[in-house]
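The values are calculated or read from the model by the stated rules, or taken from the named source; none is laboratory data. Everything numeric here is computed off the predicted structure, so don't read it as measured data. Methodologically, a virtual Cβ is constructed for each residue, glycine included, from the backbone with ideal geometry; neighbour enumeration extends over all protein chains shown.
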There are 2 protein chains.
Amino acid sequence: MITQPMEIETRSFEIIAPYLEKLNLREDEKKIYSRIIHAAGDVEYAPIIKISATAIDAAKAAILRGANIFTDVEMVRTGINKRALKKFGGEVFCKVADDEVKNFAAQKKITRSMAAMRIFGENLNGAVVAIGNAPTALFEVLRLVKEENISPAVIIGVPVGFVGAADSKAELFAQDKIPFITVEGTKGGSPIAVAAVNAILYLLDNSRE
Amino acid sequence: MITQPMEIETRSFEIIAPYLEKLNLREDEKKIYSRIIHAAGDVEYAPIIKISATAIDAAKAAILRGANIFTDVEMVRTGINKRALKKFGGEVFCKVADDEVKNFAAQKKITRSMAAMRIFGENLNGAVVAIGNAPTALFEVLRLVKEENISPAVIIGVPVGFVGAADSKAELFAQDKIPFITVEGTKGGSPIAVAAVNAILYLLDNSRE
């Protein structure tokens, strides 16, 4: 049994490496793919991960200048390495459990994660958006981009499930205004969003405890 | 776009239902399978989910008598519906980020999630254990059961990844002292553990907001 976390991670990434070989990835892309596959325990993520050409650089630049990260659900906020982010000045925000959001969602008859994104509004400009659960949150961010000129630095959009998730991610993939990281189809989830964010943080600072 | 959470869930479970048809499941098992598949966006979970014969009843009975839930990582704690659990008197505990655990892990040269389980010790008797991430945490709980007569009510053990996860789950599946819910192979993760726990909570009380 291997009981050293960094050794577990290294060994895991070695096991994943052959599944990435045919994909012609850059080194930084490999880090993100590996961490996602590691988080899902599922090599079938390899062909469905989609990273737009400038997404990693945009995410790194945003974090380096102290950008905040906005998440759809508490599990994504929980998983992001906030200590690593804080070194650059950024914080993680999630509003889905706030009373303000609850009331707004009930009033507008929309989901809470959708309401939370609408209330974030201009705070999303230049920020990192990380959506791991709710298709409606991703649809709402894409609407803010299209209709209200909101401009996140990057959208990490990997909502999960059988109702709207694949469509919301296809819409993210189809637009070219905002750099993105996503996954095709129904798979995704909080650990996938967390994996992508933390992989980028570790590209900037690998001095983990 | 469907924007009512319960409608999204209902529609999702309808889409999942055909994949469960050949598995001859009881109604309560179907709920757990459906919620896991929903959380992963992955119907290939259907044949790999393993629920021991008395696991659901044991989990329900434990929660009804106010048992606590012990998790390996904060993401599992975050995702569990603590409001639903509290109605029965239980709370969710996770120690992985505690200084006590950090120091103990460094001293013993074991992982923090392993150290956390060892420090929980007798608190695990009669409790629900939910492990969504760390194989070492599951190995440690199984060691506590075998060597120290610790006896959780049920172990929900779905650690994820390529280093130890499949082995730890095979060991859980092979023992017959403690009822369990698990998943074969490398897949798993925090949302899977959360899905199983919350499915059981909703079997007991479906009055969600």
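Taking the stated definitions as given, is B:R11 of a type outside the set (V, I, T) and without any contact (Cβ under 8 Å) to a residue 60 or more places away in the chain?
Yes; evaluated as a whole, the condition is true for this residue.
Being touching a Cys at 6+ places or on another chain (Cβ under 9 Å), modelled with pLDDT of 95 or more and not hydroxyl-bearing (S, T, Y), is that true of even one residue in segment A:123-140?
No, segment A:123-140 has no match at all.
Considering only segment A:125-209, give the helices (runs of 4 or more DSSP H) lying wholly within it that have at least 2 residues that are among the charged types (D, E, K, R).
Filter on segment A:125-209 gives A:135-148, A:165-174.
Taking the condition within 13 Å of another protein chain (Cβ to nearest Cβ), more than 21 Å from A:A165 (Cα to Cα), crowded, with 16+ Cβ neighbours inside 10 Å and touching a strand residue (DSSP E or B) at 6+ places or on another chain (Cβ under 7 Å), does B:I36 pass?
Here the answer is no, as B:I36 does not meet what is asked.
How many residues are more than 20 Å from A:G41 (Cβ to Cβ) and basic (K, R) when one looks only at segment B:165-185?
The qualifying residues number 1.
Can you find even one residue in segment B:168-177 that is away from every other protein chain (no Cβ under 14 Å) and touching a strand residue (DSSP E or B) at 6+ places or on another chain (Cβ under 7 Å)?
For segment B:168-177, residues away from every other protein chain (no Cβ under 14 Å) and touching a strand residue (DSSP E or B) at 6+ places or on another chain (Cβ under 7 Å): present.
Is it true that A:M6 is part of a helix (DSSP H, G or I), at pLDDT below 95 and surrounded by fewer than 22 Cβ atoms within 10 Å (Cβ to Cβ)?
Yes; evaluated as a whole, the condition is true for this residue.
State yes or no: is B:A106 of a type in the set (A, V, I, L, M) and crowded, with 20+ Cβ neighbours inside 10 Å?
Judged against the criteria, B:A106 is not a match.
Does at least one position in segment A:43-58 carry a residue that is more than 15 Å from A:A196 (Cα to Cα), surrounded by fewer than 22 Cβ atoms within 10 Å (Cβ to Cβ) and within 11 Å of another protein chain (Cβ to nearest Cβ)?
For segment A:43-58, residues more than 15 Å from A:A196 (Cα to Cα), surrounded by fewer than 22 Cβ atoms within 10 Å (Cβ to Cβ) and within 11 Å of another protein chain (Cβ to nearest Cβ): present.
Based on this model, can you work out whether B:A153 counts as within 14 Å of chain A (Cβ to nearest Cβ) and touching a residue at least 60 places away in the same chain (Cβ under 8 Å)?
no
Using the structure shown, decide if B:D98 is surrounded by 22 or more Cβ atoms within 10 Å (Cβ to Cβ), farther than 14 Å from B:I200 by Cα and among the charged types (D, E, K, R).
No.
Looking at B:T182, B:T136, which one is of a type in the set (V, I, T), buried (at least 21 other Cβ atoms within 10 Å of the Cβ) and more than 25 Å from B:K60 (Cα to Cα)?
B:T136
State the number of residues belonging to segment B:119-133 that are away from chain A (no Cβ under 12 Å) and surrounded by 20 or more Cβ atoms within 10 Å (Cβ to Cβ).
Qualifying residue count for the region: 7.
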